[in-house]
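*Asks:* Take a look at the following structure, please.
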Amino acid sequence: MGGSMRVVVTGAAGFIGQMVVRALAARDMLRLDGTERRIAAILATDIAEAPLHALAATHRRIHALPGTLDDPAVLNRIVADAPDLIIHLAAVVSGQAEADWDLGMAVNLRGTLALIEACRRMGRPPVVVFASSVAVFSCADNDTITEDTLPAPRSSYGTQKLMGELALRDASRRGFLKARSLRFPTISVRPGAPNRAASSFASGIIREPLAGQPAALPVPRDLRLHLASPGKALEYTLQACGLTQDALGGETTLTLPGISVTVGGMIDTLAQLAGPAAAAHITSQPDTGIAAIVASWPGKIRCPRAAALGFTPNTGIAELIEEHRNRMNSAA
Ligand SMILES: NC(=O)c1ccc[n+]([C@@H]2O[C@H](COP(=O)([O-])OP(=O)(O)OC[C@H]3O[C@@H](n4cnc5c(N)ncnc54)[C@H](O)[C@@H]3O)[C@@H](O)[C@H]2O)c1
């Protein structure tokens, strides 16, 4: 056993951030860089102050640090905290980064660079788990690719994530930190309200019908998606913390496995599990802007390297739907 550790989570008030912080608070131990460590404290930072304070109130080990990563006071506090692990989730999502280039660059790229600079000032290089995305890839026509396919994003969001991955890879090589950049599949089913991600419909077409609400389908039914459930995203995040740096062999970016499913297949499975009346809530409302972004994302990604490191995808779309139903039932 390797003693205690301190954790910083950026974007902690967000969807994945809250799951990660709650999961860390609920456990005493976590494997970090190959060694079991006791979690001493979790510093949760985000621009969204109210949900951050609500999160901190749930457990004595969670401490709230409101602000942005371009605020020197926030960065100084992170450096002073001397974290052993930073889980970097703060970002603006794809639709928003496309609509507002300045904001996307400020948060998704410069926020990541500022965090790297902060790590340089720390006494020991922390493990940094960075949430990247399969949006770094593009392909001609929603094709099947492999994790070795050259990333060539066709969105500002994907470009900003790719630049972040490269900066972290080099910072790792230089010994400033120990990076693991995770290219997450599209996460579905996401609870709550639709967001400004171009892929928001991939949750909406399951979540809204299950709640008896109408859902718009902006893309064709034969579009394929590379998906993982929220629970799987959490599992992947914690698993990445535990890897040893040597296991990565200098390649700090990991493309994570997902299930490949067509939108039509998602709707058919919804109809099987929840009845045809649920699926009837979905109406086709083509949106050329969303369709153009999402069609340039891969429909299937083969990930043998991640599989060899122990990352296994969900069993199928039914599991994603059931996970969401269980979450809703336990919240009710
Ligand atoms: N959900 C998905 O399908 C998916 C897929 C691939 C990658 N990711 C990545 O995973 C991470 C978490 O995603 P999520 O779905 O939880 O997103 P989210 O939008 O729910 O959370 C992001 C958080 O970042 C915070 N934030 C935004 N700008 C900030 C700033 N300037 N300073 C500090 N905090 C700021 C927001 O307030 C929000 O709480 C993101 O980096 C996202 O790009 C998500």
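*Asks:* If you take the square roots of the eigenvalues of the alpha-carbon gyration tensor of the range 254-332 and sort them as a ≥ b ≥ c, do you get rounded (a/c under 1.5), prolate (a/b over b/c) or oblate?
*Replies:* On the way: a/c = 2.31, a/b = 1.22, b/c = 1.89.
It is oblate, given that a/c is not under 1.5 and a/b is not larger than b/c.
*Asks:* Right, here's the next one. Can you pull the one-decimal nm distance between simple spin-label points at H59 and E235, each 7 Å off the Cα toward Cβ?
*Replies:* 1.9
*Asks:* A follow-up question, please. Among V128, V261, rank each residue by its count of other Cβ atoms within 10 Å, from fewest to most, as a rough exposure measure. Intermediate results must be reported in sequence, preceding the final value.
*Replies:* Values: V128 26, V261 23.
Least crowded to most crowded, the residues run V261, V128.
*Asks:* Please identify the trypsin sites (Lys or Arg not before Pro) of the range 78-169 that satisfy two criteria: DSSP loop assignment and at most 13 other Cβ atoms within 10 Å. Which are they?
*Replies:* Within the range 78-169, the qualifying trypsin sites (Lys or Arg not before Pro) (loop, at most 13 other Cβ atoms within 10 Å) are R121.
*Asks:* Pulled fully out, how much extra length does the chain show between Q245 and A152, if you take 0.36 nm times their separation in residues and subtract their Cα-Cα distance?
*Replies:* Details: separation 93, 0.36 × 93 = 33.48 nm, distance 2.61 nm.
Taking Q245 through A152 to full extension adds about 30.9 nm, to one decimal.
*Asks:* Still on this model: Taking θ = phi - 60°, what integer Hz values does the Karplus form 6.51 cos²θ - 1.76 cosθ + 1.60 yield along the range 133-148, in sequence order, with x for Gly and Pro?
*Replies:* Ordered by residue, 3J(HN,Hα) equals 8, 5, 5, 5, 8, 9, 8, 4, 8, 6, 6, 8, 10, 10, 5, 8 Hz.
*Asks:* Under the rule a/c < 1.5 gives rounded, and otherwise a/b versus b/c splits prolate from oblate, where does the range 56-215 land using the Cα gyration tensor?
*Replies:* Details: a/c = 2.04, a/b = 1.35, b/c = 1.52.
Verdict is oblate for the range 56-215.
*Asks:* What share of the DSSP beta bridges in the chain is antiparallel, in percent to the nearest 5? Please report the intermediate quantities before stating the final value.
*Replies:* Numbers: 8 of 46 bridges.
Among the beta bridges of the chain, antiparallel pairing accounts for roughly 15 percent.
*Asks:* Need one number: the % of Cα-Cα pairs in the chain sitting beyond the 27 Å mark.
*Replies:* 42
*Asks:* Loop only per DSSP, at most 12 neighbouring Cβ atoms within 10 Å: give me the trypsin sites (Lys or Arg not before Pro) in the range 47-101, ordered by residue number. Spell out each step's value before the answer.
*Replies:* On the way: sites: R60, R61, R77; in loops: R60, R61.
Loop-located and lightly packed - R60.
*Asks:* Enumerate the helices in the chain for which the Kyte-Doolittle hydropathy averages -1.0 or more and the C-alpha atoms extend at least 24 Å along the helix's axis, using complete DSSP H runs. All intermediate terms of the calculation are to be shown ahead of the outcome.
*Replies:* Working: long enough: 156-173 (26 Å, -0.61).
Sorted by number, the helices that extend far enough and score high enough are 156-173.
*Asks:* Separate question: At a Förster radius of 30 Å, what calculated FRET efficiency corresponds to the Cβ-Cβ distance of R120 and D287, to the nearest 0.05?
*Replies:* Details: r = 43 Å, r/R0 = 1.43.
Step by step, r from the Cβ atoms, then E = 0.10.
*Asks:* Using alpha-carbon pairs under 8 Å, 6+ residues apart, how would you state the relative contact order of the range 187-230 in percent?
*Replies:* On the way: 40 pairs, mean separation 20.9, N = 44.
Once normalised by length, the contact order is 48 percent.
*Asks:* With a/c under 1.5 counting as rounded, go ahead and sort the range 141-261 into rounded, prolate or oblate using the C-alpha gyration tensor (a ≥ b ≥ c being the square roots of the eigenvalues; past the cut-off, prolate if a/b is larger than b/c, else oblate).
*Replies:* On the way: a/c = 2.34, a/b = 1.86, b/c = 1.26.
Taking the square roots of the gyration eigenvalues as a ≥ b ≥ c, the range 141-261 is prolate.
*Asks:* Would you mind getting me the FRET efficiency between T144 and D71? Use the beta-carbon distance for r and R0 = 41 Å, nearest 0.05.
*Replies:* Numbers: r = 43 Å, r/R0 = 1.04.
Computed FRET efficiency for T144 and D71 comes out at 0.45.
*Asks:* Related question: So how much slack lies between A26 and A331, counting 0.36 nm per residue of separation and subtracting their Cα-Cα distance, in nm?
*Replies:* Values: separation 305, 0.36 × 305 = 109.80 nm, distance 1.71 nm.
Computed gain between A26 and A331 is 108.1 nm.
*Asks:* Rank the residues S155, S181 as a footprinting-exposure proxy: fewest other Cβ atoms within 10 Å of their Cβ go first.
*Replies:* Working: S155 23, S181 29.
Lowest count first: S155, S181.
*Asks:* Based on DSSP, what percent of beta bridges with both residues in the range 1-119 are antiparallel, to the nearest 5?
*Replies:* On the way: 4 of 20 bridges.
Antiparallel bridges: around 20 percent, rounded to the nearest 5.
*Asks:* Right, next: Tell me which lysines have Cα within less than 20 Å of K178's Cα, excluding those fewer than 8 residues away on the same chain?
*Replies:* K161
*Asks:* While we're looking at this one, here's another question. For the residues E117, E323, what sequence is obtained by ranking on other C-beta atoms within 10 Å, fewest first? Mind showing how you got there, number by number?
*Replies:* Details: E117 13, E323 17.
Exposure proxy ranking, most exposed first: E117, E323.
Each reported figure results from applying straightforward, stated rules to the coordinates on display, with no laboratory input. As the structure is a prediction and not an experimental result, all values here were calculated from the model. In this analysis, Cβ positions are derived from the backbone assuming ideal geometry, glycine residues included, and neighbour counts consider all displayed protein chains.
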